[in-house]
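Contents: one structure, followed by commentary.
The values are calculated or read from the model by the stated rules, or taken from the named source; none is laboratory data. Keep in mind the model is a prediction, meaning the values are calculated, not measured. Cβ atoms come from the backbone with ideal geometry, glycine included; neighbour counts cover every protein chain shown. The accessibility values were calculated without ligands, DNA or RNA, using every heavy atom of the protein model including side chains. Shrake-Rupley method; radii C 1.70, N 1.55, O 1.52, S 1.80 Å.
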Amino acid sequence: MCGVVGIVGNQPVNQALYDGLTMLQHRGQDAAGIMTIDGQTLRLRKSNGLVRDVFHTRHMRRLSGNMGIGHVRYPTAGTSSSAEAQPFYVNSPFGIAMAHNGNLTNAADLQAALFEKARRHINTSSDSEILLNIFAYELMESKQLELSKDEIFSAVARVHEQVRGAYGVVAVIIGHGLVAFRDPHGIRPLALGKRETPQGTEYMVASESVAIDGTGFTYERDVEPGEAIYISEQGEFFNQQCAANPVHNPCIFEYVYFARPDSTIDGVSVYASRINMGRKLGEKIQREYADIDIDVIVPIPETACDIALEMSRVLNIPYRQGFVKNRYIGRTFIMPGQTQRRKSVRRKLNAISAEFKGKNVLLVDDSIVRGTTSEQIIEMAREAGAKNVYFASAAPEIRYPNVYGIDMPSANELIGFGREADEIGAIIKADGLIYQDLDDLIAAVKSENESLEKFETSVFNGEYVTGDINQAYLDRLDAARNDSARADDDQDSTNPELYNEGD
Ligand SMILES: O=P(O)(O)OC[C@H]1O[C@H](OP(=O)(O)OP(=O)(O)O)[C@H](O)[C@@H]1O
Ligand SMILES: NC(=O)CC[C@H](N)C(=O)O
Ligand SMILES: [Mg+2]
C-alpha cells in the first residue's frame, strides 16, 4: 500500500509535502519521493528509504515551487529498485509527473497496447509507469497548446475505460495544474482538503485524511470513485465524474490494518471501525467460547491495541500491554522479504514477564497473514511463563491473494490458504484460535457509514470486485511475485535513475 500526496499552494510546498509523507509513512517504508514544479522546471528527489532518510536539507532546498506531489512506496509490482520509486515523470505532452497508490490488473496488456499504438517505451517493470504513460497518451489526443479542464477530464475518462484494477492517483502537468483521480470502484482511498490563506485557497489531496489534518489543511471530503479533480496553477478548482458506471467498494483491509486510526476514509473513522471490530469479536467469544478461562487480554502492538481494549471492556477481563514495541522498528508486514519480516518481529516486540507468568492469556491481533507475527508471539508468551495462550484475530481467515495494492501475491504464503482455524491454530501453536466472522467485520465498518453497500473483501472470500481476475492471472502473479521469485529479481534490479535530484 503506498501513500500519495499532492498540493497546489500559493507558497513553497516542499515542507508541507514532506510533512504529509511522514504522516503516511505507515503506508510504505521502502522508498519515498517528491516532485515539485517551479515555473517550467520539474524538480525530483526520490530514493529507497524512509522519508526522513531520503530528504536532506540540500534536497529540500532544491524542491522549490508552489505545486507538487509526493509518494511513499510499498511495492506491489516490479522490483524494489530506487528507479521504481515514485513519482514517475514523462516529458510529453507538457511534462507530467504522477504518483500512484494501488495496482493495475491488466498492466501487461496495457504495456503492449501502448507500444503498438504509440511506440511508448516503459523503462521499468512498475505498473505505475504504465498508468502515467496511458494518461500521457490520452492527453496527447488534445492537439491544443493549452489543455482545457474538459480535455483533462475526458483523458481521465479514457484512462478509466482501459485500465483495470485499483488506483488513487495524483499528477502534475507543467504549465497547468494538479490532477487527482480514483478508480471507478473506489478501492483505494483518496481524500481532499483545503486551506485558506490571505493569498487565496490552497488545496491538498492525500491517501488518508491524517496527512491533511497534520499539515494545517482542513479535510473536506473523499474523492468519489471514478471522479477526477483538477486544480489549476492559479488555484481554480474543477471536478467531474469521469467513469461510466462508478460503484463504491472500498478495500476493507484499510480499516483492519493499513490506515492510521486517526484517519477517516469514505465517511468511516478507522478508529471507530476498529472499536466495532473489538466489540464484535468480544461478543463472539462471549457467545461461543464462554468455557475458555482468560485472565488477561494482551494486544500485539501496534494496530491491534484499540481492538483489544474494546474486547477487554466487552468481556470484562483486564487489558495489559504485555509486549513493548521498539518504536524504531517499522511495520513488519510491509517489509519486503520473509527473512527480514521474521527477524523483525523479535526485534520489534518484547514480552513483560509479569504479565504472562502463570496466566491464561488471550493475545489479540488485527489479522493473521503469513503467520509470521502470531507464531513468534505465542512462543514469546510461553517463554515468559504463560499457562495457556489463546489467540484472536479481528479479521477472518486470509485465504486469497490480493491484486489491488496489498502485497499478498501468493496463496501458498498465506497461512490461511486451504486451512481451517484449528489447523492454523496448530501451526502457530495456540491453545485456541478465534477468528472474526466476515459478516461481523463488514458490519463493524458499514455501521459507521450505511451508504457503503459493498466492500473489496477478496482476501477473505476470493471475490474480486473488478471481475477480471481468474486463476490463470493469480498463477502468473504468484510465479512473478512470490518471495523467492522476488529475491532473484531484486538482485539485478539496479537501474540508474532518470531526472533525479541525486545525492
Ligand atoms: O501474519 P503476519 O504475516 O505476521 O501479518 C500480520 C501482522 O502484521 C501486521 O503488523 P505490523 O508489524 O506490520 O504493524 P503494526 O505495528 O501496525 O501492527 C499486523 O498488524 C499483524 O500484526
Ligand atoms: N502499494 C502500492 O500502492 C504500490 C503502487 C505500485 N503498484 C508500485 O508497486 O509501486
Ligand atoms: Mg501488527
Item checked: Residue list for segment 364-399, filter: more than 10 Å from ligand 1 (Cβ to nearest atom) and of a type in the set (D, E, K, R) -> E379, R382, E383, K387, E397, R399
Note to self: Any residue in segment 274-294 that is within 22 Å of F258 (Cα to Cα) sitting within a Cβ distance under 7 Å of a residue that is surrounded by 17 or more Cβ atoms within 10 Å (Cβ to Cβ) and among the polar types (S, T, N, Q)? List the pairs, counting only those 6 or more apart or interchain.
What the structure shows: M277/Q436; K280/Q436; L281/Q436
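Matching residues to (1) within 16 Å of ligand 2 (Cβ to nearest atom); (2) touching a residue at least 24 places away in the same chain (Cβ under 8 Å):
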site: R327; (1), (2): no, no
site: G330; (1), (2): yes, yes
site: R346; (1), (2): no, yes
site: L349; (1), (2): no, yes
site: G358; (1), (2): no, yes
site: V364; (1), (2): no, yes
site: I377; (1), (2): no, yes
site: A384; (1), (2): no, yes
Note to self: Please verify whether V247 is within 24 Å of the chain's Cα centre (by Cα), within 20 Å of G33 (Cβ to Cβ) and not in a helix (DSSP H, G or I), treating the condition exactly as stated.
What the structure shows: no
Note to self: Looking at segment 1-28, I want the residues that are over 22 Å from R188 (Cα atoms) and have a partner that is assigned to a helix (DSSP H, G or I) and modelled with pLDDT of 95 or more with Cβ atoms under 8 Å, at least 6 apart or on another chain. Which pairs are those?
What the structure shows: G9/A16; N14/M60; Q15/M60
Item checked: Condition check for G49: under 21 Å from I134 (Cβ atoms), open to solvent by 10 Å² or more (accessible area, probe 1.4 Å) and either out of contact with any Gly (no Cβ under 9 Å at 6 or more places or on another chain) or within 16 Å of ligand 3 (Cβ to nearest atom) (or both) -> no
Item checked: Cβ pairs under 8 Å, 6+ apart, first in segment 185-199 and modelled with pLDDT under 95 and within 16 Å of ligand 1 (Cβ to nearest atom), second open to solvent by 10 Å² or more (accessible area, probe 1.4 Å) and not hydroxyl-bearing (S, T, Y) -> none
Check: Identify, please: which residue in segment 268-303 is within 15 Å of ligand 1 (Cβ to nearest atom) and open to solvent by 40 Å² or more (accessible area, probe 1.4 Å) and is, among those, farthest from A384 (Cα to Cα)?
Finding: Y271
Note to self: Condition (residue is closer than 21 Å to Q29 by Cα, within 13 Å of ligand 2 (Cβ to nearest atom) and not in a loop (DSSP other than H, G, I, E, B)) applied to segment 106-114: is it met by at least one residue?
What the structure shows: no
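Can you name every residue in segment 405-445 that is part of a helix (DSSP H, G or I) and either without any contact (Cβ under 8 Å) to a residue 60 or more places away in the chain or open to solvent by 50 Å² or more (accessible area, probe 1.4 Å) (or both)?
Of all residues in segment 405-445, those part of a helix (DSSP H, G or I) come to 411-413, 421-428, 438-445.
Of everything in segment 405-445, those that are part of a helix (DSSP H, G or I) and either without any contact (Cβ under 8 Å) to a residue 60 or more places away in the chain or open to solvent by 50 Å² or more (accessible area, probe 1.4 Å) (or both) turn out to be N412, A421, D422, E423, I424, G425, A426, I427, L438, D439.
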Check: In segment 450-466, is there at least one residue being at pLDDT below 95 and either open to solvent by 10 Å² or more (accessible area, probe 1.4 Å) or at negative phi (or both)?
Finding: yes
Checklist line | Matching entry among G70, G65 (being touching a strand residue (DSSP E or B) at 6+ places or on another chain (Cβ under 8 Å), touching a residue at least 40 places away in the same chain (Cβ under 8 Å) and within 15 Å of V169 (Cβ to Cβ)) | finding: G70
Note to self: For segment 286-319, give me each residue that is under 18 Å from V270 (Cα atoms), in a loop (DSSP other than H, G, I, E, B) and more than 16 Å from ligand 3 (Cβ to nearest atom).
What the structure shows: none
Checklist line | Unmet requirement for R342, which otherwise passes all of (1) more than 12 Å from ligand 1 (Cβ to nearest atom); (2) of a type outside the set (F, W, Y); (3) not assigned by the TED database to the domain that holds R279 | finding: (1)
Check: How about segment 94-108: which of its residues are farther than 27 Å from E456 by Cα and surrounded by 21 or more Cβ atoms within 10 Å (Cβ to Cβ)?
Finding: I96, A97
Check: Regarding H59, is this residue within 22 Å of G177 (Cα to Cα) and either within 11 Å of ligand 2 (Cβ to nearest atom) or open to solvent by less than 10 Å² (accessible area, probe 1.4 Å) (or both)?
Finding: no
Notebook entry, point to check: Which condition number does N239 fail, the rest of (1) open to solvent by 60 Å² or more (accessible area, probe 1.4 Å); (2) within 18 Å of T201 (Cα to Cα); (3) outside any strand (DSSP E or B) being met?
Noted result: (3)
